[in-house]
Amino acid sequence: MTEAQARQRGGNAEDISAERLAEIGIRFEVDGEIATITLDRPDKRNAQTFATWTALAGIGESLPEQVRVVVVKGEGPSFSAGIDLRMFTPEGVPGQGSFSSAARGGDADFEHSIRKAQAGFLWLRRPEIVSIAAVQGHAIGAGFQLALACDLRIVADDVKFCMKEPALGLVPDLTGTKPLVELVGLAKAIDICLTARTVHAEEAMRIGLAEQVVARDDLDRAVRDKAAQLLSTNRDAAVATKRLLQGARGRTLEEQGVAEGLEQAARIKALFGG
């Protein structure tokens, strides 16, 4: 863990106002080593706004030290139907602006806004946690990318993944393109994105988008079971192993062997060094 990450993990749940999160449409709960983030705008199919992404980043910054598993879910029939469509109107979302207002700003300001939004997604891959997306119904655009930001996706049999941005004249910019390509390959990612078609549960499982497909009524139980399995392993070994796995794609076999040796040396010293 870097020094910056260590500082991030030093917060606590009280650092984020539950009332403010409720206004945005998010619930955040911590039960021991498991944190649950619930998108809670079911009447809007959990559509996301700039405030959603800022709140997600804030949760990551103040995540309690003891948390090892983070579950991301959506209230109601949909995980998330993507961007709040008011952002496409001149009026936008009250207090948050719109794409029109963003387009009138400078390039540096717009790039900064995108980086701030992406921060709400990037922390879900930190090695010291494992993130699980519990996905039912629609996971469209930003909703699809939020699911892709997580390490694991457990989905209901009614799931509908769709990368809608190209159909709206946009590109996926919430860090979803890299994990999508890594999961399904370049050709399949092009097919999914440039047709903006829907990927249903059976295909999601077959191409690697989902680790498990369950009946809708069994989704919560399946996520609880997976969290329990993840918590059954040694915490420090789990962090080190995830770090190795995340770095493997960018290393040669020999380089990965060296990385494994360094991590194992640290583990042996911690366990048997006296």
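The values are calculated or read from the model by the stated rules, or taken from the named source; none is laboratory data. Given the structure is predicted, the values throughout are model-derived calculations rather than measurements. Here the Cβ is made from the backbone with ideal geometry for all residues, glycine too, and neighbour counts use every protein chain on show. With ligands, DNA and RNA removed, areas are computed over all heavy atoms of the protein, side chains included. Shrake-Rupley method; radii C 1.70, N 1.55, O 1.52, S 1.80 Å.
Going residue by residue through the range 76-88, is there one that turns out to be on the phi < 0 side of the Ramachandran plot, in contact (Cβ under 8 Å) with a residue 40 or more places away in the chain and of a type in the set (Lys, Arg)?
No, every residue in the range 76-88 fails to be on the phi < 0 side of the Ramachandran plot, in contact (Cβ under 8 Å) with a residue 40 or more places away in the chain and of a type in the set (Lys, Arg).
Return yes when Ala259 is in contact with a Gly (Cβ under 9 Å, 6 or more places away or on another chain), open to solvent by less than 70 Å² (accessible area, probe 1.4 Å) and assigned to a helix (DSSP H, G or I) and no when it is not.
On the way: in contact with a Gly (Cβ under 9 Å, 6 or more places away or on another chain): yes; open to solvent by less than 70 Å² (accessible area, probe 1.4 Å): yes; assigned to a helix (DSSP H, G or I): yes.
Yes; evaluated as a whole, the condition is true for this residue.
Please go through the range 127-137 and give me each residue that is surrounded by 21 or more Cβ atoms within 10 Å (Cβ to Cβ), not β-branched (Val, Ile, Thr) and not in a strand (DSSP E or B), ordered by number.
The answer is Gln136, Gly137.
Yes/no matrix, rows are residues, columns are (1) under 22 Å from Ile37 (Cβ atoms); (2) modelled with pLDDT of 95 or more; (3) buried (at least 23 other Cβ atoms within 10 Å of the Cβ):
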site: Arg125; (1), (2), (3): yes, yes, no
site: Phe144; (1), (2), (3): yes, yes, yes
site: Asp157; (1), (2), (3): no, yes, no
site: Lys188; (1), (2), (3): no, yes, no
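Testing Ala227 on (1) closer than 25 Å to Arg126 by Cα; (2) loosely packed, with under 13 Cβ neighbours inside 10 Å, one condition comes back false. Which one is that?
Failed condition: (2).
Restricting to the range 230-256, and then to whatever is in contact (Cβ under 8 Å) with a residue 24 or more places away in the chain and of a type in the set (Lys, Arg), can you tell me which residue is most open to solvent (accessible area, probe 1.4 Å)?
Looking at the filtered set, the residue picked out is Arg249.
Could you list, in sequence order, the residues of the range 219-256 that are outside any helix (DSSP H, G or I) and β-branched (Val, Ile, Thr)?
Listed by number, the residues that qualify are Thr233, Thr252.
Looking at the range 163-185, which of its residues are in contact (Cβ under 8 Å) with a residue 40 or more places away in the chain and open to solvent by 30 Å² or more (accessible area, probe 1.4 Å)?
Residues satisfying the conditions are Lys164, Leu168, Asp173, Thr175, Glu182.
Considering only the range 138-218, give the helices (runs of 4 or more DSSP H) lying wholly within it that have at least 2 residues that are in contact with a strand residue (DSSP E or B) (Cβ under 6 Å, 6 or more places away or on another chain). Full working, then the answer.
Details: elements: 142-149, 177-184, 186-195, 201-207.
Hits in the range 138-218: 142-149, 201-207.
Matching residues to (1) surrounded by fewer than 22 Cβ atoms within 10 Å (Cβ to Cβ); (2) under 16 Å from the mean Cα position of the chain (by Cα):
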{"residue": "Arg45", "(1), (2)": "yes, no"}
{"residue": "Leu56", "(1), (2)": "no, yes"}
{"residue": "Leu63", "(1), (2)": "no, yes"}
{"residue": "Arg68", "(1), (2)": "yes, yes"}
{"residue": "Val71", "(1), (2)": "no, yes"}
{"residue": "Gly74", "(1), (2)": "no, yes"}
{"residue": "Pro77", "(1), (2)": "yes, no"}
{"residue": "Ser80", "(1), (2)": "no, yes"}
{"residue": "Ile83", "(1), (2)": "no, yes"}
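Any chance you could count how many residues in the range 64-121 are assigned to a loop (DSSP other than H, G, I, E, B) and either at pLDDT 95 or above or farther than 21 Å from Gln136 by Cα (or both)?
Residues that pass the stated criteria total 22.
Among the residues of the range 23-34, what is the count of those that are in a strand (DSSP E or B) and either in contact with a Phe, Trp or Tyr (Cβ under 7 Å, 6 or more places away or on another chain) or open to solvent by 50 Å² or more (accessible area, probe 1.4 Å) (or both)?
4
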